[in-house]
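To start, the structure under review is shown below, and the notes come after it.
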Amino acid sequence: MSIEISHVGKRFADFVALDDVSLSIKAGRLTALLGPSGGGKSTLLRIIAGLERADTGRVEIDGVDATRLPPQQRNVGFVFQHYAAFKHLSVRRNVAFGLEIRKRSKEEIRRRVDELLALVHLGQFGDRLPTQLSGGQRQRMALARALAVEPTVLLLDEPFGALDAKVRKELRDWLRRLHDEVHVTTVFVTHDQEEALEVADEIVVINDGRVEQVGAPDDLYDRPANEFVMRFLGPVTQLGDQLVRPHDLQLTTDGGDGVPGRITRVTRIGFEIRVEVTTADGQPVTVTLTRNELLALGIGIGTDVRLRIAPNTPTPTLPPTPTLAPAH
Amino acid sequence: MTSTTLVPDRPAGDRRPARAGLPLTRVSGLGLGVAMVWFSLLVLIPLAAVVATAAEGGWAGFWRTVTNEQTAATLRLTVGTALLVTLVNVVMGTLIAWVLVRDHFVGKRALEVLIDVPFALPTIVAGLVLLSLYGPDSPLGVNIANTRIAVFLAFLFVTLPFVVRTVQPVLAELDPEAEEAAASLGASRLVTFRRIILPSLIPAIAAGAALSFARAVGEYGSLVLLSGNLPMRTEVASVRILSSVENDNPDSAAAVAVVLLAVSLAVIVFLDVIQRRVVRRG
Amino acid sequence: MADSSIAARTPVGRRPARHVLRAVVVAYLFFLVAWPLYLVGRNAFADGLASFRAILTDPDVTHALQLTVVIAVVAVVINTVFGVGISMLLVRYDFPGKRALNALLDMPLSVSPIVVGLALILVYGGRDGWFGPTLEAAGFQIIFAVPGMVMATVFVALPLVIREVVPVLQEVGDEQEQAARSLGANAWQTFRRITLPSIKWGVIYGVVLSLARSLGEFGAVKVVSGNVLGDTRTATLVVEEKYLNFDKGGAYATAFLLALVAVACIIVVSVLRPKEER
């Protein structure tokens with residue numbers, strides 16, 4: 001059930017959405033396509049689904065060339081950001097739609113829909129219309145509908161993008177658990193790095209129509225291939241000519257080695273404290289600490305400190321490049 | 001979101017250009033072909049035939065026909081009255097739309113239905129309807145049958161819905177906060193209307209005016225019983241065309257028809273331009 | 001509803017101005033539409049039901065009524081199929097000339113019905129039309145016969161379905177259709193199971209409005225029909241003929257029937273519409 005994408009390109013008028021993208025998505029995994037808006041990740045997902053046709057290149061699903069197949073022959077499940085609920089059909093009929101198209105028996109459809117509604121916790125809502133459901137419920141219905149046809153691959157386009165923060169977080173955990181139960185090859189698009197890091201087995205970072213890096217969440221976070229990936233996946237600050245994560249910096253007040261500087265600002269954001277240090281060369285550096293760390297150090301605005309990179313930092317700190325490193 | 005990204009800011013929202021329509025598939029292409037053949041046979045070729053027939057007599061012949069004393073009189077009456085009626089509709093149509101959107105009273109629903117009556121009523125019946133109040137048996141004691149006022153009244157009746165129905169939805173969609181902001185800045189109701197509301201209504205009013213002008217210029221049915229069709233006095237362009245057709249003179253019918261078609265075409269182009277300007281302004 | 005919130009927020013002062021506007025509008029509509037319309041009803045019933053009995057037992061009139069209904073139904077079916085199809089093409093697809101087609105489709109609304117009739121005669125007229133003589137030689141008479149009357153009716157009502165369906169299609173968007181495609185539905189299944197139910201109300205309004213317009217078409221039909229008694233005469237032509245022949249009772253009674261259908265159509269649309277917008 002793997003997906004092989006080779007040399008896919010797509011333009012909209014004079015806007016290049018995808019520029020010679022090659023990618024291999026492994027079977028049974030939960031893969032995130034991560035990147036900024038307009039970077040081409042949704043277009044890539046829609047090309048896999050057949051909702052958009054690539055200008056160049058080839059798409060293979062489960063070993064079959066699908067480049068020219070219309071969407072209804074690809075057996076993919078697609079979940080849309082705004083649910084795409086069939087407004088005139090009840091929740092049951094929505095979920096049953098793909099099975100009715102496939103002319104399954106009434107009995108089989110009933111059984112399968114019951115199973116799926118139970119799976120997405122909508123058992124008692126079967127007879128409602130989609131407009132009578134909350135956003136989160138509608139998205140779960142859309143998921144059940146996509147899963148009903150036992151798709152070869154499940155594709156989700158910013159599935160939680162239209163939901164508020166709390167529901168989003170619940171659905172995210174729920175998707176992770178669901179995938180552990182169902183094991184269907186799943187690809188989802190998101191612009192939220194936290195979502196990708198938390199849910200995915202593998203992350204594909206896409207920017208400006210190109211793949212920047214592919215890897216496991218930890219790999220990407222700890223060993224970003226370039227400055228773009230490093231900056232996109234988490235906070236970054238600069239010490240001397242090195243890029244480093246603010247939480248990988250240590251502050252000391254007892255001399256020793258490290259870059260000398262003075263604290264110019266302390267901001268508390270919930271559980272973390274953001275300390276701004278101006279080095280002797282006048283470079284502003286951001287360091288994040290916990291409240292306890294700050295108290296233990298006994299520092300505040302005006303304190304002279306030394307800055308150094310924590311000893312067990314895995315990040316092969318990148319030199320900042322004037323322009324973003326080219327993709328491969 | 002709790003995590004911070006220090007990536008140089010991207011413009012928010014999806015930068016993917018708005019999805020244009022799909023390219024034609026085999027089935028939709030075939031559908032378009034069938035539709036175009038039908039539309040051509042029904043509308044385009046017949047209208048082209050009108051223009052071609054008018055052109056047969058050459059420019060001189062065309063000019064002679066439309067400047068013929070009687071024809072010129074009908075065109076003057078038709079266009080002049082249509083302009084006057086359009087002017088009345090701009091004022092009354094906007095006012096009616098305003099009352100329908102902003103006011104609330106018992107029976108408003110009935111007024112809504114009344115607005116659409118002239119649109120759905122057969123034109124010959126419309127003529128009879130007006131005749132019953134303003135004709136020889138008028139309970140008001142006014143008899144305007146067979147006068148130019150009858151032409152004016154008939155045009156006014158059949159064009160009633162156009163400005164109302166184009167302005168009404170725009171007015172309903174207007175953001176009340178803009179008016180409240182204007183009021184909070186000290187603008188009087190009248191100033192608010194003139195400087196805040198009216199500018200947003202202008203495209204809709206213009207579109208409705210164009211439609212009502214086109215409709216009036218081509219009106220026929222409501223005048224048959226009402227205006228008497230007196231040459232040089234109450235005869236309008238459509239009646240003139242019909243009498244040319246009935247006198248077996250299609251060339252002169254086509255010449256006058258081309259003038260009316262030019263008006264229709266101008267209105268269509270005008271509407272298209274307005275629509276595009278509104279879309280661009282968002 | 002949006003307007004009630006506006007009204008609620010509008011300052012309570014200036015009541016007199018509001019009442020003046022309301023009075024002006026009510027009076028205008030009363031004198032222009034309501035009272036005249038009422039008088040037609042009164043005149044139709046001036047002799048009780050005698051006028052109705054007279055027209056409904058006149059075989060020429062009943063034939064005209066039947067013909068009117070047949071022509072209107074055929075025209076509405078044609079315009080509905082064509083209108084829904086062309087709306088789908090205009091909203092969902094891109095093709096060269098789309099903008100021009102979009103503008104031209106409104107043309108019938110602003111063309112004089114007499115010009116419509118003339119245009120059809122010039123092409124399909126049996127004597128000197130462009131195609132007419134050939135068609136007549138092959139046995140198809142169009143002008144001065146029912147096919148021409150159907151064409152004239154279709155022409156004048158052409159944009160009505162399109163104008164109702166296009167905005168609904170745009171509003172609904174194509175996501176549901178894409179979802180259906182991804183679930184395995186082919187183009188026809190998608191249209192029938194997803195698109196059609198979601199544009200249902202737009203289509204119904206369009207059909208009702210087209211029906212009202214088709215039943216009442218007068219000028220264009222008059223030009224192409226030849227107005228042959230008991231053969232190609234429709235209800236609206238009966239009204240004219242009765243009135244001009246000093247049978248005012250018959251004219252008013254027939255007009256009343258036509259007005260009744262037209263008003264019923266409008267009421268149906270206005271009752272249905274808010275339901276859908278809820």
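The values are calculated or read from the model by the stated rules, or taken from the named source; none is laboratory data. Since the structure is predicted, the reported quantities are computational estimates derived from the model, not experimental observations. Every residue, glycine among them, receives a Cβ derived from its backbone with ideal geometry; neighbour counts consider all protein chains shown. For the accessible areas, the whole protein counts, side chains as well, though only heavy atoms, and no ligand, DNA or RNA atoms are used. Shrake-Rupley method; radii C 1.70, N 1.55, O 1.52, S 1.80 Å.
Here are a few things to note about the model shown:
- Taking the empirical scaling 2.2 N^0.38 Å for compact globular proteins as reference, chain B has a Cα radius of gyration ratio of 1.31.
- Fraction of beta bridges assigned by DSSP in the protein assembly as shown that are antiparallel (%, nearest 5): 70
- D_trans [Stokes-Einstein, Kirkwood Rh over alpha-carbon pairs] for chain A, 10 °C, 1.306 mPa s, µm² s⁻¹: 72
- Efficiency of FRET between residue C:271 and residue B:69 - r from beta-carbon atoms, R0 41 angstrom, step 0.05: 0.20
- In the context of the full protein assembly, residue C:93 retains an accessible surface of approximately 40 Å², using a probe radius of 1.4 Å and ignoring ligands and nucleic acids.
- Helical segments meeting 20 Å axial Cα length and Kyte-Doolittle 1.6 threshold in chain B (DSSP H): none
- Protein-only accessible surface at a 1.4 angstrom probe places the residues C:233, C:42 in the order C:42, C:233, largest first.
- Accessible surface of region A:141-231 [probe 1.4 Å, protein heavy atoms]: carbon and sulfur percent: 46
- Within the accessible area of region C:59-277 (1.4 Å probe), percent carbon and sulfur: 65
- Springs join every pair of Cα atoms under 10 Å in this Gaussian network model of chain A, and among A:104, A:93, A:168 the largest mean-square fluctuation is at A:104.
- 5 Å binning of all Cα-Cα separations within region A:1-108, expressed as whole percents from 0 upward: 2, 10, 18, 20, 18, 13, 10, 5, 2, 0, 0
- Using the empirical formula 2.2 N^0.38 Å as the baseline, the Cα radius of gyration of region C:168-248 reaches a ratio of 1.86.
- Heavy-atom accessible area ranking, 1.4 Å probe, most first, across B:69, A:158, A:150, A:198: B:69, A:150, A:198, A:158
- Listed values for region C:158-167 are Karplus-derived 3J(HN,Hα) couplings in whole Hz (6.51 cos²θ - 1.76 cosθ + 1.60, θ = phi - 60°), namely 3, x, 5, 5, 4, 5, 7, 7, 4, x, and x replaces Gly and Pro.
- Backbone amide hydrogens, once placed in the peptide plane, bring residue A:78 within less than 5 Å of A:155, excluding anything fewer than 5 places away on its chain.
- Occluded residues from region B:232-271, i.e. those whose accessible area drops by 40 Å² or more once the chain is not alone (1.4 Å probe): B:242, B:245, B:264, B:268
- Pairwise inverse Cα distances across chain C, averaged and inverted, put the Kirkwood hydrodynamic radius at 21.8 Å.
- What the phi angles of region C:33-47 give under the Karplus curve with 6.51, -1.76 and 1.60, with θ = phi - 60°, is a coupling list of 10, 5, 5, x, 5, 4, 5, 4, x, 5, 5, 5, 9, 4, 9 Hz, glycine and proline written as x.
- Computed over the alpha-carbon atoms, region B:155-282 gives an Rg to Rh ratio of 1.16, Rh here being the Kirkwood radius from the mean inverse distance.
- For residue C:218, residues with placed amide H under 5 Å, excluding near neighbours: B:123
- By accessible area with a 1.4 Å probe, ligands and nucleic acids excluded, highest first: order of C:151, A:230: C:151, A:230
- Per the accessible-area calculation with a 1.4 Å probe, the total area buried between chain C and chain B rounds to 8300 Å².
- The protein assembly as shown: mean projected area of Cα convex hull, nm²: 48.0
- In this structure the protein assembly as shown gives 44 Å² per residue of accessible area when probed at 1.4 Å with all protein chains present.
- Here the accessible area is traced with a 1.4 Å probe on the protein chains. For region B:154-282, carbon and sulfur cover 62 percent of it.
- Solvent-accessible area buried by C and A, counting both chains, probe 1.4 angstrom, square angstrom: 1800
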